[in-house]
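Notes to accompany the following structure.
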Amino acid sequence: MLELLKNLAAWLTSPAQWSGPEGIATRVLEHLEYSLLATLAAAVIALPVGLLIGHTGRGAFLAVNLSSFGRALPTVGLVTLVFLAGGLSVWPVYVSLVALAVPVIITNTYAGMAAVDPEVKDAAKGVGLRGRQVLWQVELPLALPLIMTGVRLATVQVVATATIAAYVSFGGLGRYVFDGLAQRDLVQVLGGAVLVAVLAVAADLALGGLTRLLFRGRPAAAR
């Protein structure tokens, strides 16, 4: 075990391992590209849906149960299905990662909207604000902490799952995991897994710090 850890440390700190088109730096950038584009696409799709459901109250059952659907989604199976249908391209990876992230963002966006005190909304209507004004000027600002939590959770999930890009012969940190398994190179497998874990934790800490910075004036319960 000690020897394995020494080899892992040597693999992670080797200058040669960090350079070149297949080096760690390149793989990290590829992984971030998959993760960020998929999360942005998911947010573009999910935020309007979550805001609409939260504002109107229609489709609440769907929003509440979408998170369970996301956890049960067989991501590798979805990648394979889209890959077989669409051919060799990076789109199966993005479709699968977006499908993973959308339910989390919708559920948390709805939860944030639903948590807004009805009396606050009634007071806003009482001073003359109409439907859209209530949404943008009252509900959305109050719901933002929970919405940010949803984006944060989705980002971490996507970063941790973007290894599937290597499953269909693309890059990212999953390349080390799949190549290491094929070559029976345990050090390479563990190195890839450690890098993915570190990247996911870094994304979580970065978004958590951003959330605290943006909403530091609010009570802890609101965050």
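The values are calculated or read from the model by the stated rules, or taken from the named source; none is laboratory data. Keep in mind the model is a prediction, meaning the values are calculated, not measured. Neighbour counts are summed over all protein chains in view; Cβ atoms, including those assigned to glycine, are modelled from backbone coordinates with ideal geometry. Side chains included, ligands, DNA and RNA excluded: accessible areas come from the protein's heavy atoms. Shrake-Rupley method; radii C 1.70, N 1.55, O 1.52, S 1.80 Å.
Looking at the structure I just gave you, is Leu195 closer than 20 Å to Trp11 by Cα, open to solvent by 50 Å² or more (accessible area, probe 1.4 Å) and out of contact with any Lys or Arg (no Cβ under 7 Å at 6 or more places or on another chain)? It is false that Leu195 is closer than 20 Å to Trp11 by Cα, open to solvent by 50 Å² or more (accessible area, probe 1.4 Å) and out of contact with any Lys or Arg (no Cβ under 7 Å at 6 or more places or on another chain). Once segment 94-111 is narrowed to residues that are among the small types (Gly, Ala, Ser) and out of contact with any Ser or Thr (no Cβ under 6 Å at 6 or more places or on another chain), the residue that is farthest from Thr80 (Cα to Cα) is Ala111. Kindly indicate whether Val158 is part of a loop (DSSP other than H, G, I, E, B), under 20 Å from Val49 (Cα atoms) and open to solvent by less than 30 Å² (accessible area, probe 1.4 Å). For Val158, the condition - part of a loop (DSSP other than H, G, I, E, B), under 20 Å from Val49 (Cα atoms) and open to solvent by less than 30 Å² (accessible area, probe 1.4 Å) - is not met. Of the residues making up segment 1-49, just one is under 16 Å from the mean Cα position of the chain (by Cα) and among the aromatic types (Phe, Trp, Tyr), namely Tyr34.
Against the conditions (1) more than 26 Å from Trp91 (Cα to Cα); (2) under 22 Å from the mean Cα position of the chain (by Cα); (3) open to solvent by less than 30 Å² (accessible area, probe 1.4 Å), Arg212 satisfies every one except (3). Restricting to segment 122-132, what's the tally of residues that are touching a helix residue (DSSP H, G or I) at 6+ places or on another chain (Cβ under 9 Å), more than 20 Å from Val49 (Cβ to Cβ) and open to solvent by less than 80 Å² (accessible area, probe 1.4 Å)? Residues that pass the stated criteria total 3.
Within segment 1-41, the set of residues being hydroxyl-bearing (Ser, Thr, Tyr) and either crowded, with 17+ Cβ neighbours inside 10 Å or more than 17 Å from Arg175 (Cβ to Cβ) (or both) comprises Thr13, Tyr34, Ser35, Thr39. Among residues that are more than 18 Å from Asn7 (Cα to Cα), touching a His at 6+ places or on another chain (Cβ under 9 Å) and aliphatic (A, V, I, L, M), Leu173 is included. Of note, Val201 satisfies the criterion of being out of contact with any His (no Cβ under 9 Å at 6 or more places or on another chain), at pLDDT 95 or above and either in a helix (DSSP H, G or I) or on the phi < 0 side of the Ramachandran plot (or both).
When restricted to residues that are aliphatic (A, V, I, L, M) and either open to solvent by less than 10 Å² (accessible area, probe 1.4 Å) or within 19 Å of Ile106 (Cβ to Cβ) (or both), segment 169-186 contains 1.
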